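Okay, so here's the structure we're looking at.
Throughout, read-outs are computed from the coordinates displayed, never taken from laboratory work. Fair warning: this is a prediction, and the values are worked out from it, not measured in the lab. Cβ sites come from the backbone with ideal geometry, for glycine too, and all protein chains shown count toward neighbours.
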Amino acid sequence: MSIEKIAAKVEKRYGVRVGVCQDDRSIILSGECNDWNTIVAIGKMFADAGTGKHVVNKITLAGYVEKAERLPAIRDGALDNTDWDVVVIGGGISGCAVARELSRYNLRILLCEKHSDVARGASGANDGMVHAGIDLKHRCNKLRYGVAGNAMYGDICRELGVEFNRCGQYVIFTSKLIKFLAKSTVKRARKHGIPGVTIIGKKQICEIEPRVKDFAVGALYVPSTGVVSPYKLTIAYAENAVQNGVKVSLDTAVLGMKKDGDKVSEVITNRGTVTAKCVVNCAGVFADEIAQMADDEYFTIHPRKGTDLLMDTNASGLPTHCISMGPTLKSATHSSSTKGGGIIITVDDNVLIGPDAIEVPDREDTSTVQSSIDSVFQRQSACCPSLRKNEIIAYFAGVRAPTYEEDFIIERSAKVPNLVHVAGIQSPGITAAPAFAKDVAQITAEYLASCGADVQLKPDFDPVRKAPVCAKKLSDADRDKLIRSDPDFGKIICRCEQVSLGEIKQAINNPLGVHTVDGVKRRVRAGMGRCQGGFCMPLVTQTIANQTGVEVSDVTKDDIGSNIAVGKIKECNR
Amino acid sequence: MSKHYQIVVVGGGPAGLAAAIKASQSAGVSVLLIEREARLGGILKQCIHDGFGVVRFGEKLSGPEYAERFIKQLAQTGVTVSLFSYVTRMRRGDKGFDITYVCKDGVQNVTCDKIILATGCRERTRNAIFINGDRCAGVYTAGAAQNLVNILGVMPGKRVVILGSGDIGLIMARRLTLEGAKVIGVYEAKPTPSGLTRNIHQCLHDFDIPLHLSSTVTRVFGTNRLESVEISKVDDKMRPIEGTQTTVECDCLVLAVGLIPENELARELGVPLDNRTKGAIVDQNCQTLADGVYACGNALHVNDLVDYVSESGETAGGAAVAESKRKLVPVTLQGKLLYAVPQRLDVNSDLSKVIMYFRASDELSQQRLTVSVGGKTAFTKVYNKLLPPEMERITLDLTGVDLTDGEVTVKLEDK
C-alpha cells in the first residue's frame with residue numbers, strides 16, 4: 001500500500017490528519033493527536049505497510065508536556081579533553097556487552113552511563129527470561145540474534161560468573177485445537193534452529209506441573225529456554241569490560257555531539273567534552289534522541305512499559321516450572337506486541353510473573369500502577385490458579401525501547417559513518433545481547449581499521465570475571481572455611497536473603513565503583529527478601545559509609561540526590 | 001561431635017531473654033541463646049522512648065533500660081550466648097533437634113532437646129499494601145526510620161507523612177518532631193486509630209499532629225528523593241474512593257502498617273500456624289503443635305506491651321524444662337474476637353494459672369467474655385470498652401474442670 005493510501009486510512013479510522021514525507025531510509029510522520037495509543041497505532045500502520053522503511057513518528061500528543069529527561073545532578077570536567085577510539089553510550093545490557101566484546105581489541109573505550117550504576121533501565125527491570133525464540137518472525141534481527149544468543153548462554157555465563165539455568169519452559173494448552181495447531185510451531189522452530197521443541201500430552205504436563213491439571217490438555221515444551229538475572233549479567237559484562245581496560249564513567253549523560261563533515265567528532269557530556277573516532281549508540285529508550293544529536297534520526301522509539309510481580313518464596317501454591325498460557329482461539333487470531341508473559345522461576349528461586357505491555361509517552365516512567373498489577377496477576381494466574389495476590393512481595397516496572405518496526409537495529413549508520421546503532425532492543429534483548437555484541441564489536445573494529453587504525457586483538461584479554469561469593473549457596477564445609485578465612489562472611493546482615501557483611505563489603509568494593517544501597521541490593525540481594533530492606537537497609541547504609549569514608553547522610557539509594565537521609569539529627573532546620 | 005544443649009532459644013530480644021533466664025533457673029539445665037544481631041535486646045535497642053515495664057516493674061523505662069535489666073540477669077546465669085549468629089537449618093534428629101548456625105567463628109552444629117522460638121516480628125512493607133508510584137528514596141518502614149534516627153543519628157526526612165496509626169508510627173511522629181522535622185500528619189485507613197490511646201495523646205495531641213482517619217496513601221512521587229504523596233479517602237472496606245485524592249508535599253513517608261510474626265524457622269520445623277495471629281498454634285505452655293518446639297513473644301502473636309512479651313517468654317522457658325506427655329483440646333472462638341492465644345489446652349499439665357491473651361475484632365463497648373467448658377461457664381468478665389489495638393489478658397483457673405471431652409469455648413458477646 002502506498003503511504004498516501006495509509007494516510008487516508010488513518011484519517012478515516014482515527015480522524016487524524018497526518019503529515020507524511022519520506023526519504024531513502026524512513027517515513028516521517030507529523031501532526032497532532034489527543035490519544036497516545038492512537039499515535040502509536042498510526043506509527044505501526046506505516047511500519048507494517050511493507051515499504052521496508054523505518055518510521056520516524058513526530059506526531060505529538062496534544063496538551064502533553066514532555067517530562068524533562070532525568071540527568072545526573074553533577075557537572076564537572078572529569079572527562080574533559082580525553083580521546084577515545086570508541087565511545088559507547090548507555091550502560092544497559094547492550095552497552096555493557098558491546099564494551100566487553102570491544103575490550104578484546106587494543107582500543108581506548110569509554111562507556112557513558114547517566115545513572116549511578118549500570119542496568120538501570122529495561123535491563124534491570126525485566127523477567128530475565130532467556131528466550132528460545134519460538135514466537136519470532138522469520139528473517140528478523142530478533143530471531144537471528146535471539147537464537148544465536150540463546151545458544152551462547154551457558155558459555156558466556158560461565159565466563160562471566162553469572163548464574164544461568166536452562167530450565168526449559170512449558171506453554172500450556174487448554175484447547176485441543178490449539179494443541180493440534182502447535183505442530184506448525186514445532187515445525188517452524190525446527191526451521192529456525194531452535195532445538196528440541198516438542199508437544200507433550202496432558203498426562204505428562206500434569207505430572208511435571210500439577211498446578212495445571214484442571215485445565216491443561218497438553219503443552220509445548222521448549223527446552224532451550226533459560227533464566228538469568230538480567231542486571232547481574234549486565235553488571236558482569238561491565239565488570240569484565242573494566243577488567244580489560246574499558247573506562248566506565250557513571251553519572252555521565254551524553255548531552256550533544258559535534259560533527260566534522262558527516263562524522264561525529266566530539267561527544268559532549270556533563271563531565272566534559274571528549275573526542276571519539278567511533279560512537280556506539282546503546283541508549284535504549286533514548287536511542288532515537290542520540291541519533292538525532294548526530295543528525296541521523298531515522299527511527300523512533302516508542303516506550304512500552306511492562307510490570308512484573310515477585311511472589312514470596314514461602315507462598316503457597318507456587319509452580320515449580322516456567323509456565324505460560326498458550327494462545328486461546330481468540331488470542332491466536334489477534335497479533336499482539338508481547339508474547340503475553342508468563343510465570344518464571346528466577347535463578348534465585350523466586351517466582352516472578354508478568355509482564356504486561358502498556359504504551360507510555362514518558363520514556364522514564366517506571367512508576368507502578370495498580371491496574372497493571374491487577375491485570376498481570378489476573379492474566380498470569382490463569383495458568384496457576386493457586387497463586388495468591390497477598391503473597392506478592394514486590395513489583396517493578398521497566399520501559400522497553402521498541403521501534404515501530406519492532407525489530408532490532410544493529411548497523412553502522414548509512415549517513416554518519418562512525419556511528420553504530422544498537423537500537424530498538426527489547427525482548428529478546430537480554431537473550432540476543434551476547435550474539436549481537438560480538439557483531440557490533442566486529443563492525444566497529446572493522447570500521448576503525450578501514451580508517452587506518454591498527455586494530456588488533458589483545459593477547460592479554462581476560463574473558464573470565466570471577467563470580468562474587470555467595471556464602472549461602474556453599475556447602476557447610478566450604479562456608480566454614482570461608483568464614484574462618486574472613487569472619488565477616490559469618491556475620492549475617494540481610495536476614496531474609498542471608499547475606500553476610502563479607503558479601504556486602506565485596507559488593508561495595510566493586511570494579512565499577514558503585515557505592516549505593518540499591519547497587520548492593522542488585523549485586524548480592526541484600527534487601528530483596530520479604531522485609532524489603534526494613535531490617536538491613538540501615539546496616540547496609542552504615543557499611544557503605546564505613547567502607548567509603550563518607551557520612552551516613554551522604555549515602556544514596558541510587559542516583560545522585562537519592563540520599564537515604566537528609567542530614568544528621570540535631571542539625572535539622574524545618 | 002556437636003555440642004548438646006537441653007534448650008536452644010532463638011532470638012535475644014525481650015521474649016528470648018526472658019525464656020533463657022527462666023529456663024536456666026531450673027537446676028542443671030543447659031541453655032544456648034542464639035542472637036542474630038551483634039547485641040542482645042532485639043528491637044528494644046532502638047526504642048529510646050519510655051513506657052516500657054509499667055506492668056512488670058511499675059516504672060516507665062526506655063527500651064534499652066528494660067532490655068538491660070534482663071541482660072544483666074542473664075549474665076548471672078549459665079546461659080551460653082552466641083551473638084551475630086544466624087540459624088541456617090533446623091530439623092529433627094536423633095537427639096531431639098539438629099541446629100546449624102553461622103557466626104564469625106564458622107558454621108556451627110549443635111543438638112538440643114527443646115527449641116524456643118523467640119524470633120520476633122517484622123513490619124509490613126510498602127509493597128504489601130500496594131502503594132504504587134515511583135521508586136525514590138524517602139519511603140521507610142517505621143522501624144527502619146527509627147533505626148536511622150536513634151541508631152545511626154540521621155534524619156530520614158524533614159517534612160514527613162506517616163501512614164498507619166500503630167504505636168511505632170505514633171512514636172516516630174513524636175520522635176521526628178522532637179528532632180526538628182515537620183510531621184504533616186498521621187493517616188490511617190481504618191476508621192479508628194491502631195495504636196494505644198495513651199500514645200495518641202502523648203505522641204500526637206501533645207504535639208498538635210493531626211490524625212486523619214479513613215485515609216491512606218495511594219501513590220508516591222519523586223525522582224530521586226520523595227517529593228509528594230497522594231492521599232485518598234477510603235470506604236468502609238478500606239478501598240480508595242475515586243475523586244478524593246489530594247497531593248501532600250513531603251520528603252519522607254513513614255509506614256507503620258502492621259507487624260507480622262516472623263516464622264521462617266517455625267515453618268522449617270513444620271509448625272502449624274494460626275491464620276489469625278500469623279504465629280504458631282500453641283498450648284498454655286507456649287508449646288506448638290510440633291512436640292518440643294515452643295514459641296513466644298511477638299513471634300507467637302503481636303503484643304501491645306513488652307511486659308507480656310517477657311511473660312510469654314517465661315512461660316515457654318519454664319515449661320520447656322519439664323517433660324510432658326500432652327493431651328491437647330482445642331479452644332474455639334465465638335463472637336467478635338480477632339484472636340485468642342493459646343489455641344489449645346494441654347489437659348495433662350498445670351491448668352491452675354492459664355494465661356490467655358485476646359483481642360477484640362472491633363471497637364466494642366459493654367461486652368462479656370465467657371470461657372466455657374462443655375457448656376459450663378468456667379470464667380466470665382465484663383468489659384466496658386474493648387479496642388483492637390489493646391490486647392487483653394486474663395488468667396484462668398481450670399483445675400477441677402473436666403476437659404477430657406468437653407469443648408473449650410471463648411465467647412465475646414454483648415452484655
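Numbers below:
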{"quantity": "Leading residue at positive end of dipole, the protein assembly as shown (Cβ point charges), from B:Ile171, B:Leu273, B:Ala18", "calculated": "B:Leu273"}
{"quantity": "Among beta bridges that DSSP assigns inside region A:3-61, antiparallel share in %, nearest 5", "calculated": "35 percent"}
{"quantity": "Debye, to nearest 20: dipole size of region B:125-257, +1 on Lys, Arg Cβ, -1 on Asp, Glu Cβ", "calculated": "200 debye"}
{"quantity": "Helix-only CD estimate at 222 nm, as mean residue ellipticity for chain B, using -39500 (n - 2.57) per DSSP H run (n ≥ 4)", "calculated": "-5000 deg cm²/dmol"}
{"quantity": "Kirkwood hydrodynamic radius of chain A, Cα pairs, Å", "calculated": "25.0 Å"}
{"quantity": "Of A:Lys67/A:Lys114; A:Lys389/A:Lys505; A:Lys114/A:Lys137, pairs whose Cα-Cα distance is over 24 Å", "calculated": "A:Lys389/A:Lys505; A:Lys114/A:Lys137"}
{"quantity": "Between 0 and 90°, nearest 10: helix B:306-320 axis offset from chain B longest Cα axis", "calculated": "20 degrees"}
{"quantity": "Region B:125-257: antiparallel DSSP beta bridges as a percent of all, rounded to 5", "calculated": "40 percent"}
{"quantity": "Sum of side-chain charges, A:Leu102 neighbourhood, beta-carbon under 13 Å (Lys, Arg +1; Asp, Glu -1)", "calculated": "+3"}
{"quantity": "Cα-centre dipole for chain A with unit charges at Cβ (Lys and Arg positive, Asp and Glu negative), debye to 20", "calculated": "1920 debye"}
{"quantity": "Of A:Lys183/A:Lys203; A:Lys191/A:Lys213; B:Lys237/B:Lys385, those spanning more than 25 Å from alpha-carbon to alpha-carbon", "calculated": "A:Lys191/A:Lys213"}
{"quantity": "Region B:303-334 and region A:146-216: distance between their alpha carbon centers, rounded to Å", "calculated": "52 Å"}
{"quantity": "Order of A:Tyr231, A:Tyr237 under a 10 Å beta carbon neighbour criterion, fewest first", "calculated": "A:Tyr231, A:Tyr237"}
{"quantity": "DSSP beta bridges in chain B [antiparallel fraction, %, rounded to 5]", "calculated": "60 percent"}
{"quantity": "Only Lys, Arg (+1) and Asp, Glu (-1) charged, at Cβ; chain B dipole about Cα centre in debye", "calculated": "320 debye"}
{"quantity": "Spatial separation of Cα centroids for region B:223-253 and region B:132-211, in angstrom", "calculated": "15 Å"}
{"quantity": "Neighbour-count order for A:Val267, A:Val242, A:Val520, A:Val65, fewest beta carbons within 10 angstrom listed first", "calculated": "A:Val65, A:Val242, A:Val267, A:Val520"}
{"quantity": "In degrees, nearest ten, helix B:63-75 long axis to first principal axis of chain B (Cα)", "calculated": "20 degrees"}
{"quantity": "Order of B:Thr197, A:Thr346, B:Thr111 under a 10 Å beta carbon neighbour criterion, fewest first", "calculated": "B:Thr197, B:Thr111, A:Thr346"}
{"quantity": "Mean Kyte hydropathy of -1.0 or more with a Cα span along the axis of at least 27 Å, helices from DSSP in chain A", "calculated": "A:429-450"}
{"quantity": "Pairwise label distance in nanometres, A:Lys5 with A:Lys570, each label 7 Å out on the Cα-Cβ vector", "calculated": "8.0 nm"}
{"quantity": "Per-pair calculated FRET efficiency, R0 = 45 Å: A:Glu207 and B:Phe207 via Cβ, rounded to 0.05", "calculated": "0.10"}
{"quantity": "All lysines inside 29 Å of A:Lys570 as judged from Cα atoms, apart from same-chain residues fewer than 8 positions distant", "calculated": "A:Lys557, B:Lys45, B:Lys60, B:Lys158, B:Lys182"}
{"quantity": "Over 37 Å [Cα-Cα, the protein assembly as shown], rounded percent", "calculated": "54 percent"}
{"quantity": "Pairs beyond 31 Å (Cα-Cα), from B:Lys278/B:Lys411; A:Lys472/B:Lys3; A:Lys258/A:Lys521; A:Lys466/A:Lys491; A:Lys263/A:Lys458; A:Lys142/A:Lys305", "calculated": "A:Lys258/A:Lys521"}
